[in-house]
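A quick write-up on the structure given underneath.
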Amino acid sequence: QPLVIGGRRLKGSIDRIDQRGDEVLILDFKTSETAKKPEEAHLSKLSARTAGEIEGWRTHANAGGRVCRWTDLQLPLYVRAWSLRHRGPVRAGYFHLPTNVQETRISIWETLDQAALDAALLCAEEAVSRLGRRIHWPPDDDVRYDDFAGLFGGNAVEDAVDASEILKQEVAG
């Protein structure tokens, strides 16, 4: 029974699943030198002003009640996929594997509750829906990794590309 999001089947590989009795722990291996807690990697805190400007489907109020923006959905979607096939409590986290083996550790996302799982699924469904409708705009100003940043001579894409021409081509094509 696959996890289907917005009519699309999710494909992925869970790195590690530990089970003790009815309790399951889903772990994703992370090899970076600077270990982030799972919640910090998945949710970016927003200022009160910014929180009001972001569409609701992209946000979640964390355990402390602070509105955050989803930046990653991996662990919540793994938990959801596992829960479709199995009953019982499921927890998730990272298995940190830095170069210095003395710093190897497991970080559990302690506040990953049903509300967070529901919010993550809502975000994934809307993202898939928008991709299916070819809605890729406006761009996200908070891009962490941009392999194509140098393609436009240091200028923003908005300055180098006339979006109206792209839209004309899509309508005509």
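The values are calculated or read from the model by the stated rules, or taken from the named source; none is laboratory data. It should be emphasised that the depicted structure is a prediction, and the values quoted were computed from it without experimental measurement. Here the Cβ positions follow ideal geometry from the backbone for every residue, glycine too, while neighbour counts run over all protein chains shown. Surface accessibility is based on the protein's heavy atoms, side chains included, excluding ligands, DNA and RNA. Shrake-Rupley method; radii C 1.70, N 1.55, O 1.52, S 1.80 Å.
Would you mind getting the accessible area per residue of the stretch 7-151, heavy atoms of the protein chains only, 1.4 Å probe, in Å²?
Values: 9540 Å² over 145 residues.
Ligands and nucleic acids excluded, the result is 66 Å² per residue.
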Two-site FRET efficiency, VAL128 against ASP15, from Cβ-Cβ distance with R₀ of 25 Å, rounded to 0.05 = 0.60
Order by protection proxy (mean Cβ within 10 Å, highest first), peptides 50-60, 16-26, 74-84, 122-132 | 74-84, 122-132, 50-60, 16-26
Rg over Rh, two decimals, the stretch 6-79 (C-alpha only, Kirkwood Rh) = 1.03
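Treat every Asp and Glu Cβ in the stretch 1-141 as -1 and every Lys and Arg Cβ as +1, leave all other atoms uncharged, and give the resulting dipole magnitude about the Cα centre to the nearest 20 debye.
Working: 21 positive and 19 negative charges, 82 e Å.
Dipole magnitude for the stretch 1-141 comes out near 400 debye.
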Provide the gained length on full extension for the span GLU33 to TRP57, in nm with one decimal, where the gain is 0.36 nm per separating residue minus the Cα-Cα distance.
-> 5.5 nm
Which of the peptides 92-99, 31-38 is most tightly packed, and how do the rest follow, judged by the mean count of other Cβ atoms within 10 Å per residue?
-> 92-99, 31-38
